[in-house]
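No lab work stands behind these numbers, since they all come straight from the coordinates. The model shown is predicted, which means the values in this text are computed figures rather than measured ones. Virtual Cβ from ideal backbone geometry, glycine too; neighbours counted across all protein chains shown.
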Amino acid sequence: MTILPSIDLRGGQVVRLKQGDYQRQLTYAVDPFQTAAAFAAAGAQWMHLVDLDGAQQGRPVQTDLIARLAASTKLNVQVGGGVRESRDIDRLLDAGAARVVVGTRAMEDWKWFSDLAHDQRYAGKIVLALDARDGMVAMRAWTSDSGKKATDVAAAVRAWPLAAILYTDVARDGMMQGPNFLQTRRLAESTDVPVIASGGVGTLDHVLQLLALPVWGAIIGRSLYEGKVDLAEAIRIARS
C-alpha cells in the first residue's frame, strides 16, 4: 500500500478542515515547502495537494504555489480542488502534477468526464474523487448531494483507464477517528480501478487495518501535523 501524505492549502497556508467544514479550520504553523521536503525525507514517493480555495470557488486558485511545491521536490504530486474544465487539468499537469483529481464536474456532467477519462492524453493521469456521506456522493466542497451511490459510480468506471478512485468518507475526514473501513472495502471490491482511502487515519493501527483492504493507497493528513502518526513508520508498515 502506498502512503500519500497530504498538504491542504488555503491562502497559502497549511490547514485542515474538520469534516470538510470551512468554519472548522485548523491552521498549522508549518511551511509547505519544508513540509514537502520532510515527506520526501521520510521515504514518501507521493504527495497529495488540495487547493481548498479552488474547491470553494470552483476553479483552481493556488496553481502557482502548487507548481513551486512540485518543483521543490522529486515526489510524485497528486492535486485536487476546483477542477471543472479540461484546461484546469492541463494547467495543473503543466505545473508538475502527475495526477489531477476531478470530483464535482464528473458527477454533474458524466459525458464530459467519460470523454475526458477515455482521452488518451489523460490516460493514467485522472483521479475520480468520490466523497461520500452515508454512502452517497457529495459535491461542491461537500455542500450538496449527487443522489448517486459511491459503489455504483465505482462499478460504472470499473474498466476505465483512470489512475485511481479517491474515496473519502466526509464524516471521518479530519477527525482522526479511523476511516470507514466497511464502506471503503465495499467500494474497492466494486471496481477494478485502484482505490485510495482518505479520511480519518489517526493512528498506525488504522494503517495496519487498511492493509487488510484491497486498496492501492491511503492519504494521511492531520495526524501527521499533530504528531499522532510518524510518517516514516506508516510508510514502513504500508510497505510490509
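In a Gaussian network model over the chain where Cα atoms closer than 10 Å are linked, find which of Ala38, Ala106, Ala188 has the largest mean-square fluctuation.
Ala38
Test of understanding: ordering Leu210, Leu49 by Cβ neighbours within 10 Å, fewest first, what list do you get? All intermediate terms of the calculation are to be shown ahead of the outcome.
Numbers: Leu210 22, Leu49 25.
So the residues, fewest neighbours to most, are Leu210, Leu49.
Using a simple spin-label model with points 7 Å from Cα along the Cα→Cβ vector, what separation in nm is obtained for Gln45 and Trp110?
3.4
Sort 57-66, 150-159 for me by packing, meaning the mean count of neighbouring Cβ atoms within 10 Å per residue, highest on top.
Numbers: 57-66: 19.0, 150-159: 17.2.
Put in order of decreasing packing, that is 57-66, 150-159.
If the viscosity is 1.306 mPa s and the temperature 10 °C, what translational diffusion coefficient in µm²/s does Stokes-Einstein give for region 2-239 when Rh comes from Kirkwood over Cα pairs? Kindly include the intermediate steps, with their values, before the conclusion.
Numbers: Rh = 17.3 Å.
Estimated via Stokes-Einstein, D reaches 92 µm²/s.
Can you tell me, using C-alpha contacts under 8 Å and at least 6 residues apart, the relative contact order of region 2-239 as a whole percent?
Result for region 2-239 is 18 percent.
State, to one decimal in nm, how far the label point of Gln34 lies from the label point of Asp152, with both points 7 Å from Cα in the Cβ direction.
Simple spin-label model gives 4.9 nm for this pair.
Counting other beta carbons within 10 Å of each residue's own, what order do Arg239, Arg16 fall into, fewest first?
By the 10 Å Cβ count, ascending, the order reads Arg239, Arg16.
Which of Leu26, Leu52, Leu162 moves the most in a Gaussian network model of the chain with Cα springs under 10 Å?
Largest GNM mean-square fluctuation: Leu26.
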